[in-house]
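Structure first, then comments.
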Amino acid sequence: MILFKRSLELAKYLESRRNSGLRIGFVPTMGALHNGHISLIKASMGVTDLTVCSIFVNPTQFNDPKDFKKYPITLEKDIYLLEKNGTHVLFLPDPAEIYPDGTHHLEHYDLGYLETILEGQYRPGHFQGVCQVMHRLLRIVGPTDLFMGEKDYQQCLVIKRLLETGGSQPSFHTCPTLRESDGLAMSSRNLRLGDMERANAPAIYEALQWIREHLHSGDLSGLVENARSRLMERGFRVDYIELARAENLEKMVQWDGHSPLVALIAAFQGETRLIDNLVLAH
Ligand code: AMP
């Protein structure tokens, strides 16, 4: 594995590889890697010639500075995992490499409705930060293929929109959510859960599965309220539980029995905010 810390050097290296006709896969991450991240690396290795992973904890996407400060860093283990799984290139930039002019006065992206709901509503500015960093990373890496996780369902829709409006058009691959054996979606944030919190955490996936099992056409509000009670019983503070149109996340109050539908949850266990989702109908 080759490690680059400088944007220009990485861009030069990858340009020569692209010019030789290689397909370049890109997996952007914030580190504290787990098998969910590694599944994206493997997906990239399966269809591209050269896989680039970036580790960069992007300050501009944290609406809560405490959350940024507490973000787990496990760099040695990350490098070990990436190398073990055959990653070709690791990009490990300092903030100044990504934001040479600082993080004030950054560009604003028109994300429309997507930015006003769910994660956009509860984490103001978050998706602007995601677009600011992704735009820069895509310009530096210039991938032919981009790999991201369905775990961050709304983020995938935001990035699709960014790709549609931006110049570069890599193929976009959304990869399924990897889970622990008790159903908890793998997440770097799980490292912050205490023992009791960790024991309660699978209740999110249990609630999603409960919704799937009891899904019916017509009014959906009973399902949401039942799931909310289940989470509160297990000590969660719920930001949202929502059933939404799978293609654009428009809230679905009544279901016709066949439209593509996704259930999304964000909830705190102690100080740790967890998100998860489940596609209920394709
Ligand atoms: P993060 O480091 O949290 O920014 O995540 C980097 C990428 O890994 C994003 O595209 C995430 O959606 C994806 N990812 C995070 N957790 C999982 C998971 N449990 N399964 C699959 N992909 C994931």
Among residues of the stretch 147-175, those that are within 13 Å of the ligand (Cβ to nearest atom) and either assigned to a helix (DSSP H, G or I) or within 17 Å of Ile98 (Cβ to Cβ) (or both), counted: 8
So in the stretch 85-128, with the set limited to residues that are open to solvent by 80 Å² or more (accessible area, probe 1.4 Å) and among the aromatic types (Phe, Trp, Tyr), which one is modelled with the lowest pLDDT? Tyr113
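Looking at Ala244, Ala201, can you tell me which residue is among the small types (Gly, Ala, Ser) and either within 16 Å of the ligand (Cβ to nearest atom) or under 30 Å from Thr74 (Cα atoms) (or both)?
Ala201
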Quick check on my filter: what residues within the stretch 159-211 are basic (Lys, Arg) and touching a strand residue (DSSP E or B) at 6+ places or on another chain (Cβ under 9 Å)? Lys160, Arg179, Arg189, Arg192, Arg198
Might you let me know whether the stretch 184-197 holds any residue that is among the acidic types (Asp, Glu) and over 23 Å from Lys70 (Cβ atoms)? no
Going residue by residue through the stretch 162-177, is there one that turns out to be farther than 30 Å from Thr144 by Cα and surrounded by fewer than 13 Cβ atoms within 10 Å (Cβ to Cβ)? no
Which of (1) more than 16 Å from the chain's Cα centre (by Cα); (2) within 15 Å of Pro28 (Cβ to Cβ) is the odd one out, the single condition Cys131 does not satisfy? (1)
Residue among Ala244, Ala266 that alone is modelled with pLDDT of 95 or more, in contact with a Phe, Trp or Tyr (Cβ under 7 Å, 6 or more places away or on another chain), part of a strand (DSSP E or B) and of a type in the set (Gly, Ala, Ser): Ala266
Given the conditions (1) open to solvent by 80 Å² or more (accessible area, probe 1.4 Å); (2) β-branched (Val, Ile, Thr); (3) touching a Lys or Arg at 6+ places or on another chain (Cβ under 9 Å), which single one is not true for Val47? (1)
Output the qualifying pairs, or none if there are none: Cβ atoms under 8 angstrom, residues six or more apart or on different chains, first residue in the stretch 61-82 and free of Cβ contacts under 8 Å to residues at least 24 places away in the same chain, second residue among the aliphatic types (A, V, I, L, M). Phe68/Val57
For Ser181, state whether it is surrounded by fewer than 16 Cβ atoms within 10 Å (Cβ to Cβ) and either free of Cβ contacts under 8 Å to residues at least 12 places away in the same chain or among the hydroxyl-bearing types (Ser, Thr, Tyr) (or both). yes
Tell me, which helices (runs of 4 or more DSSP H) wholly within the stretch 1-84 include 3 or more residues that are modelled with pLDDT of 95 or more, in the same structural domain as Val141 (by TED's automatic domain parsing) and within 12 Å of the ligand (Cβ to nearest atom)? 35-47
Among the residues listed as Tyr99, Tyr122, the single one being of a type in the set (Ser, Thr, Tyr), within 22 Å of Val52 (Cα to Cα) and more than 11 Å from the ligand (Cβ to nearest atom): Tyr99
Please list, ordered by first then second residue, the pairs with beta carbon atoms under 7 Å, 6 or more apart or interchain, first in the stretch 149-163 and closer than 12 Å to Val279 by Cα, second β-branched (Val, Ile, Thr) and within 10 Å of the ligand (Cβ to nearest atom). Glu150/Thr174; Glu150/Thr177; Lys151/Thr177
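The values are calculated or read from the model by the stated rules, or taken from the named source; none is laboratory data. It should be emphasised that the depicted structure is a prediction, and the values quoted were computed from it without experimental measurement. Glycine also receives a Cβ, built like all others from the backbone with ideal geometry; neighbour counts cover every protein chain displayed. Only protein heavy atoms, including side chains, enter the accessible area calculation; ligands, DNA and RNA are left aside. Shrake-Rupley method; radii C 1.70, N 1.55, O 1.52, S 1.80 Å.
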